[in-house]
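First comes the structure, then the notes that go with it.
A short reminder: the numbers here are calculations on the coordinates, not readings from a lab. Just so we're clear, the structure is a prediction, and the values are computed from it rather than from any experiment. Cβ atoms come from the backbone with ideal geometry, glycine included; neighbour counts cover every protein chain shown.
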Amino acid sequence: MEYRLYNGECCMNSKGCCKRHNNKLNSYDYLCDIPESEQVTDYVEVQFKNTRKAYFLNSTKIPLVKGDVVAVESNPGHDIGTVTLTGKLVLLQMQKARIRPDAEVRRVYRKAKPADLEKYEEAKAKEHETMIRSRKIAEGLGLQMKIGDVEYQGDGNKAIFYYIADERVDFRQLIKDLAEAFHTRIEMKQIGARQEAGRIGGIGPCGRELCCSGWVSSFVSVSTGAARLQDISLNPQKLAGQCAKLKCCLNYEVDDYMEAQRKFPAREIPLETRDSTYYHFKTDVFGNQMSYSTDKNFAANIVNITAERAYEIIGMNKKGHKPITLHSDENENKNSKDQHDILGESLNRFDHLKRNKNKKFFPNNNNNSSNNNK
C-alpha cells in the first residue's frame with residue numbers, strides 16, 4: 001500500500017483519494033474507488049496555494065493520483081501545484097466552472113522533481129518580504145490601494161500581486177518599479193474585501209475560524225434584508241465581519257426563516273380591537289408568538305398572541321367585527337375570574353389566614369359583647 005501526504009494528512013488509499021482534507025477548495029471524489037471513472041478523461045484538477053485551482057491536460061498519460069505534486073504549463077515557464085482531482089469528476093467540475101470542452105487547456109509537464117520543489121520553496125519564502133516591500137513602493141507613489149497578498153509562480157519567473165482598492169488605480173508606474181525591484185514578471189489582480197479576508201484568515205466573533213478562509217470558496221452577496229427577516233438588530237458593528245462587510249453567515253438560515261414565516265400573517269396588517277389599534281412589533285418564529293404594540297414606532301402596551309389568534313382577528317376585522325382584546329375569549333374569562341399579581345400569585349390568597357387569626361385571638365368576641373350589654 002502506498003502512503004501519500006496531502007496538506008499534512010496521511011493518505012493510505014492506493015489511489016491517494018482520502019476521504020477528508022483540511023482544504024476549502026477540496027472536492028470530495030465519490031468516484032475514486034471506481035476504476036472505470038479514471039479512464040474517462042485525461043484532464044486533472046490542480047490547486048495552487050489553497051486559493052486558486054485550474055484544469056490541465058495530461059497529454060503524456062502520466063499516472064497521476066490525488067496528492068501528486070506536478071509541474072504544469074504556465075506563461076511564462078512552469079508552475080508547481082498539487083493534483084486535487086482526477087477522473088470523471090473533473091469533467092463535472094469543469095462544467096461547473098463553465099469551461100468549454102473545446103477551450104484551450106494547458107498541459108501537465110511532469111511530476112515535480114527535487115530541483116523543482118527546491119526552487120518552488122525558495123520562491124514561496126520570498127512572498128511575505130515582497131508583499132511588505134511592495135506596499136512601501138505603492139505608498140511612495142501615493143496610490144490609494146492595499147496589496148494584501150503576493151503569490152510567486154513555481155519557477156519564480158512571475159509574481160501575482162493581489163490588491164484591493166475602492167476606486168480605479170493607475171498602476172503602470174507601480175508595475176515598472178516592482179519589476180525593477182524584484183526582477184520578475186509582474187501581474188496585478190484586484191480582489192474584494194471578502195477575498196482578502198479569506199487569504200489572510202483569522203478568528204470570527206463566534207470563536208471559530210473565518211468561514212471565508214476555512215471552507216467558503218464562492219461568495220454570495222449579503223444584504224440587510226437577511227438581518228430583517230431574522231429579526232436581528234441592525235447594528236453595523238455587530239453585523240459586520242472582519243472584512244468590514246456584512247457577515248456571510250447572515251445568509252445561512254435565511255431560507256429556513258422565510259419558510260417558517262409563511263405560517264405567520266403579513267406584518268403590515270394592523271389588528272383592531274374595540275379599545276385600540278395594534279401594530280406588529282416583532283415575531284418569535286420558534287415560539288409561534290407575535291408581539292403587537294399600540295404605537296408604530298416604539299413598544300407600547302405590548303401584547304403577545306399566537307399566529308392562529310392573529311389570523312382569527314384579521315378575519316374578524318374583515319367582516320367588520322372587533323374583539324374586546326387581542327387575547328381569546330377563554331383567556332379573557334380566565335383573567336377576570338382569577339386575578340394575579342406580577343409574581344403570578346393570587347391577590348386574595350391571605351384572606352382565609354386573616355379569618356383564622358381572628359377566630360384564634362378572639363374566640364368569644366360575640367359572647368363578651370353580649371355579657372357587657374347585660
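Quick notes on this structure:
- The P(r) of the range 122-191 has a tail past 19 Å containing 23 percent of all C-alpha pairs.
- Restricting the range 66-104 to trypsin sites (Lys or Arg not before Pro) that sit in a DSSP loop and have at most 12 other Cβ atoms within 10 Å of their own Cβ leaves ARG98.
- DSSP bridge orientation in the range 122-191 - percent antiparallel, rounded to nearest 5: 50
- In this label model, ASP295 and LYS96 are separated by 5.3 nm, measuring between points 7 Å along each Cα→Cβ vector.
- Sparsely packed trypsin sites (Lys or Arg not before Pro) within the range 211-285, loop by DSSP, other Cβ within 10 Å at most 11: ARG274
- Estimated inter-spin distance, ASP256 and LYS146, nm [label 7 Å along Cα→Cβ]: 3.3
- Length added when fully stretched, ASN304-ARG52, from 0.36 nm per residue minus Cα-Cα: 85.6 nm
- Distance between the 7 Å Cα→Cβ label points at GLU36 and ARG106: 3.5 nm.
- Taken about its Cα centre, the range 122-191 carries a charge dipole of roughly 80 debye when the Cβ of each Lys and Arg holds +1 and the Cβ of each Asp and Glu holds -1.
- Kirkwood hydrodynamic radius (C-alpha pairs) into Stokes-Einstein, the range 198-259, 37 °C and 0.692 mPa s, D in µm²/s: 267
- Violating pairs (Cα-Cα greater than 19 angstrom) within the set LYS53/LYS247; LYS189/LYS247; LYS96/LYS158; LYS66/LYS111; LYS53/LYS124: LYS53/LYS247; LYS189/LYS247; LYS96/LYS158
- Overall shape: oblate for the range 69-184, with the ratio a/c of the largest to smallest alpha carbon gyration tensor axis at 1.5 or above and b/c at least equal to a/b.
- Loop-located GluC sites (Glu not before Pro) in the range 125-197, at most 14 other Cβ atoms within 10 Å (DSSP): GLU167
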